[in-house]
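Just below is one structure, and these are the notes that go with it.
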Amino acid sequence: MPKKWEGAAWGTLGDSITEAGGYQPLVQEALGFARVLNYGKSGCPMTAGGERDYGATTHVGKTIDASLDCITIFAGVNDFRLDKPIGQVGTADIYTYYGAYTSLIEHILTTNPRCRLSLWTPLQRDKDGYDIFTVNAAGHRLLDYVEAALQLGQLYALPVLNLYAQSGLNKLTLPCFTSDGLHPNEAGHRRIADMAIPFLAGL
């Protein structure tokens with residue numbers, strides 16, 4: 001049987017976890033992608049505005065190759081840490097999480113409607129006093145950003161890889177799978193890849 005994505009091009013959008021390039025080679029080898037373009041920006045959120053606006057995923061995603069076959073968006077943990085407001089579903093305000101994510105999704109699907117776009121939720125975290133129980137200055141828990149991504153997936157009929165709920169990374173296992181309670185180590189990237197491979201193979 002040929003590999004699912006043999007000869008295809010995959011673009012990965014996200015933050016430092018994506019920029020690290022740890023999970024992509026494992027997925028590429030398993031699924032046969034000919035090209036992987038890494039658009040990850042360390043320390044940057046989905047949402048526009050602030051000191052890290054230069055790398056906001058909503059901006060970066062509008063500059064990517066328009067001929068990609070597969071695109072994954074793996075963002076949200078920095079929006080939580082940087083106190084980005086979630087806003088309301090249906091808004092176009094890129095200075096809110098919903099608005100920034102919606103703007104990016106609509107841009108990608110308008111410029112490249114044949115691509116297979118999927119959304120990946122943030123992983124759980126426990127670093128710098130920010131864990132899954134912390135309420136940030138915008139009044140949100142990490143789970144609120146996860147649920148926003150899930151809702152957008154339903155709204156646009158896009159598959160969502162729920163790493164927050166299904167990766168097995170939690171307060172008890174984060175020391176095994178991360179270097180600091182947030183950034184995956186080799187075992188953590190393997191765990192992401194182990195979930196991403198069957199997920200992408202099924203699209």
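When 119, 155, 104 are checked against the criterion of being modelled with pLDDT of 95 or more, under 21 Å from residue 62 (Cβ atoms) and surrounded by fewer than 16 Cβ atoms within 10 Å (Cβ to Cβ), a single residue qualifies: 155.
For the range 53-84, which positions are part of a loop (DSSP other than H, G, I, E, B) and more than 22 Å from residue 126 (Cβ to Cβ)?
If the condition is that a residue be part of a loop (DSSP other than H, G, I, E, B) and more than 22 Å from residue 126 (Cβ to Cβ), then 56, 61, 62, 63, 64, 65, 66, 67, 68, 69 are the ones that fit.
Listed conditions (1) of a type outside the set (A, V, I, L, M, F, W, C); (2) surrounded by 20 or more Cβ atoms within 10 Å (Cβ to Cβ); (3) part of a loop (DSSP other than H, G, I, E, B) are all met by residue 21, apart from (2).
Pick out the one residue from 42, 16, 67 that is at pLDDT 95 or above and in contact with a strand residue (DSSP E or B) (Cβ under 9 Å, 6 or more places away or on another chain).
67 is the lone residue from the list that is at pLDDT 95 or above and in contact with a strand residue (DSSP E or B) (Cβ under 9 Å, 6 or more places away or on another chain).
Check whether at least one residue in the range 35-44 is under 27 Å from residue 5 (Cβ atoms), assigned to a helix (DSSP H, G or I) and touching a Lys or Arg at 6+ places or on another chain (Cβ under 6 Å), and report yes or no. Scanning the range 35-44, I find no residue that is under 27 Å from residue 5 (Cβ atoms), assigned to a helix (DSSP H, G or I) and touching a Lys or Arg at 6+ places or on another chain (Cβ under 6 Å), so the answer is no. Residue 30 satisfies every condition listed in (1) touching a helix residue (DSSP H, G or I) at 6+ places or on another chain (Cβ under 9 Å); (2) within 18 Å of residue 182 (Cα to Cα); (3) aliphatic (A, V, I, L, M) except (2). Filtered by the rule that a residue be farther than 16 Å from residue 128 by Cβ and either among the small types (Gly, Ala, Ser) or crowded, with 19+ Cβ neighbours inside 10 Å (or both), the range 172-194 gives 177, 184, 187, 188, 189, 191, 192, 193.
Looking only at residues in the range 67-89 that are buried (at least 21 other Cβ atoms within 10 Å of the Cβ) and among the polar types (S, T, N, Q), the one that is farthest from the chain's Cα centre (by Cα) is 78.
For the range 125-133, the criterion of being at pLDDT 95 or above, closer than 24 Å to residue 198 by Cα, in contact with a strand residue (DSSP E or B) (Cβ under 9 Å, 6 or more places away or on another chain) and among the aliphatic types (A, V, I, L, M) is met by no residue. Looking at the range 85-113, which of its residues are in a loop (DSSP other than H, G, I, E, B) and either in contact with an Asp or Glu (Cβ under 8 Å, 6 or more places away or on another chain) or of a type in the set (Ser, Thr, Tyr) (or both)? If the condition is that a residue be in a loop (DSSP other than H, G, I, E, B) and either in contact with an Asp or Glu (Cβ under 8 Å, 6 or more places away or on another chain) or of a type in the set (Ser, Thr, Tyr) (or both), then 86, 87, 91, 95, 96 are the ones that fit. Only a single criterion out of (1) in contact (Cβ under 8 Å) with a residue 40 or more places away in the chain; (2) loosely packed, with under 15 Cβ neighbours inside 10 Å; (3) farther than 22 Å from residue 113 by Cβ is not satisfied by residue 62, namely (3). Scanning the range 126-152 for residues that are within 26 Å of residue 202 (Cα to Cα), among the aliphatic types (A, V, I, L, M) and crowded, with 18+ Cβ neighbours inside 10 Å gives 146, 148, 149, 152.
With the condition kept exactly as written, say whether any residue in the range 127-144 is under 23 Å from residue 65 (Cβ atoms), in contact with a Leu (Cβ under 7 Å, 6 or more places away or on another chain) and among the basic types (Lys, Arg).
To start, the set of residues in the range 127-144 that are under 23 Å from residue 65 (Cβ atoms) comprises none.
No: zero hits.
Picking from residues in the range 27-66 that are more than 17 Å from the chain's Cα centre (by Cα) and hydrophobic (A, V, I, L, M, F, W, C), the one that is farthest from residue 194 (Cα to Cα) is 66.
The values are calculated or read from the model by the stated rules, or taken from the named source; none is laboratory data. Note that this is a predicted model, so its numbers are computed, not measured. All Cβ positions, glycine included, derive from the backbone under ideal geometry; neighbour counts span all protein chains shown.
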